Amino acid sequence: IHNVVFEDSITASKMVAQEIAALIREKGKQGSKCVLGLATGSSPIRVYDELIRLHKEEGLSFRNVITFNLDEYYGLSRENPESYHYFMQEQLFDHIDVLPENIHIPDGTVAPDDIEDYCKSYELKIKSAGGLDFQLLGIGRTGHIGFNEPGSHVNSRTRLVTLDHITRVDASSSFMGIQNVPRKAITMGIGTVLVAKRIVLLGWGNHKAQILRDTIEGEISSEVPATYLQRHGNTTFILDTEAASELT
Ligand code: F6R
C-alpha cells in the first residue's frame, strides 16, 4: 500500500475527486464507460462535494459513468433517510447527470429467500459492466471495508452480513439510539473489492488512527479485513495528519 498524508481532509478530498474526474474524462475520450465503486458515510462527503462542483462549474459529465455502491442496511427501503440509497441521492446523484439506470446500490428490502440470487446478480452486473475501474473506500473502527467485518473471508463476495457491535455503536447517533440500528447489511465482499483496478481508501480523524495503523502496518488477517488491501497492487490510503498520527 502507499500512503499519502494531507494537512486537511478538504484538500485531500479535492485531490481524490480530481483523480476520479480524470478517469471519467479519459474513459469518455476512449468512448468507454467508467465504472465507479462508491462508499457512503462521513469519509467521502467532501469528495462528492468536489465532484458536484466539477460537474456544475467545469462541465464534468457523468453520462458515461456506471456506479456500484458497496453496501446497504438490510431492512431499510430507499425512502428511509438513514438508508444508503437516500444518502447517495442527497450527497451526489441528485446533483449530477449520472443516468438513473446506471446507478446500482444493494437493495435492503429483498426478501430473505431471494437474497442469494440477488447478491449473485449484483456481482454479475459488476462483471458485465467490465469490473470496477475505481473503488472508493472508508474504513470502520473494526477494520471493515464495505461492511466486511472481522472474520470476513478474503474471497467473500456480495452477501448478507451481521454488523459488528462497534459498527452499530458508531451508527447509533444517526439512528437515535443503538436499538434502531439494523443488525444486518448487504455488502460487496472483500473479493469483490480486491479485483477493482484502482482502490483509494479515505481516513480522517484521530478515531481512525489506531485501526489505520493495524491496517497498514499489521499482519494480514481476517481479524482486520482492511489488511487484505496490502495484497492489492494499486491501493492508496489518503489520510489527514490526525488519522496518520499512529503510523510509525
Ligand atoms: C460505507 C461503508 C463503510 C464506511 C465506514 C466508515 O458505505 O462501506 O465501510 O466507509 O464505516 O464510515 P465513516 O466514513 O462514516 O467513518
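Yes or no, residue by residue, for (1) part of a helix (DSSP H, G or I); (2) basic (Lys, Arg); (3) more than 17 Å from the chain's Cα centre (by Cα):
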{"residue": "ILE10", "(1), (2), (3)": "yes, no, yes"}
{"residue": "VAL35", "(1), (2), (3)": "no, no, no"}
{"residue": "TYR48", "(1), (2), (3)": "yes, no, no"}
{"residue": "ARG53", "(1), (2), (3)": "yes, yes, yes"}
{"residue": "ILE66", "(1), (2), (3)": "no, no, no"}
{"residue": "HIS85", "(1), (2), (3)": "yes, no, no"}
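Annotation note: Cβ proximity below 7 Å between a residue of region 141-168 that is under 17 Å from HIS207 (Cα atoms) and a residue that is at pLDDT 95 or above and more than 14 Å from the ligand (Cβ to nearest atom) (sequence gap 6+ or interchain) occurs for GLY143/ASP214; ARG168/ILE178. Here the condition is being buried (at least 16 other Cβ atoms within 10 Å of the Cβ), in contact (Cβ under 8 Å) with a residue 40 or more places away in the chain and touching a Lys or Arg at 6+ places or on another chain (Cβ under 8 Å); of VAL65, VAL5, it holds for VAL65 alone. Within region 147-168, not a single residue is of a type in the set (Lys, Arg), surrounded by fewer than 20 Cβ atoms within 10 Å (Cβ to Cβ), in contact with a helix residue (DSSP H, G or I) (Cβ under 9 Å, 6 or more places away or on another chain) and farther than 30 Å from SER77 by Cβ. Of all the numbered requirements in (1) touching a strand residue (DSSP E or B) at 6+ places or on another chain (Cβ under 9 Å); (2) within 15 Å of the ligand (Cβ to nearest atom), ARG168 misses one, and that requirement is (1). Among the residues of region 117-129, is there at least one that is in a loop (DSSP other than H, G, I, E, B), within 16 Å of the ligand (Cβ to nearest atom) and either under 30 Å from GLN30 (Cα atoms) or of a type outside the set (A, V, I, L, M, F, W, C) (or both)? Within region 117-129, not a single residue is in a loop (DSSP other than H, G, I, E, B), within 16 Å of the ligand (Cβ to nearest atom) and either under 30 Å from GLN30 (Cα atoms) or of a type outside the set (A, V, I, L, M, F, W, C) (or both). Of all the listed residues (ALA196, ALA243), the sole one being among the aliphatic types (A, V, I, L, M) and either in contact with a helix residue (DSSP H, G or I) (Cβ under 8 Å, 6 or more places away or on another chain) or over 28 Å from LEU124 (Cβ atoms) (or both) is ALA243.
Of all the residues in region 43-65, those that are within 15 Å of the ligand (Cβ to nearest atom) and of a type in the set (Asp, Glu) number 1. Residues in region 217-232 that are more than 18 Å from the chain's Cα centre (by Cα) and either closer than 20 Å to VAL16 by Cβ or among the polar types (S, T, N, Q) (or both): SER221, SER222. Just one of the listed residues (GLU19, GLU72, GLU57, GLU26) is touching a residue at least 24 places away in the same chain (Cβ under 8 Å), part of a helix (DSSP H, G or I) and of a type in the set (Asp, Glu), namely GLU19.
One residue alone among PHE68, PHE87 is farther than 30 Å from ASN206 by Cβ and within 14 Å of the ligand (Cβ to nearest atom), and that residue is PHE68. For first residues located in region 187-216 and closer than 18 Å to SER152 by Cα and small (Gly, Ala, Ser), partners that are at pLDDT 95 or above and within 9 Å of the ligand (Cβ to nearest atom) and lie 6+ apart or on another chain with Cβ distances below 7 Å form the pairs GLY189/ASN148. If I ask for residues that are surrounded by 17 or more Cβ atoms within 10 Å (Cβ to Cβ) and within 20 Å of GLU242 (Cβ to Cβ), which ones from region 186-208 would you list? If the condition is that a residue be surrounded by 17 or more Cβ atoms within 10 Å (Cβ to Cβ) and within 20 Å of GLU242 (Cβ to Cβ), then VAL200, LEU201, LEU202, GLY203, TRP204, LYS208 are the ones that fit.
The single condition from (1) more than 13 Å from the ligand (Cβ to nearest atom); (2) among the aliphatic types (A, V, I, L, M); (3) buried (at least 18 other Cβ atoms within 10 Å of the Cβ) that MET176 fails is (3).
The values are calculated or read from the model by the stated rules, or taken from the named source; none is laboratory data. None of the values given here were measured: they were computed from a predicted structure. FYI the Cβ positions are ideal-geometry reconstructions off the backbone, even for glycines, and counts take in every protein chain you see.
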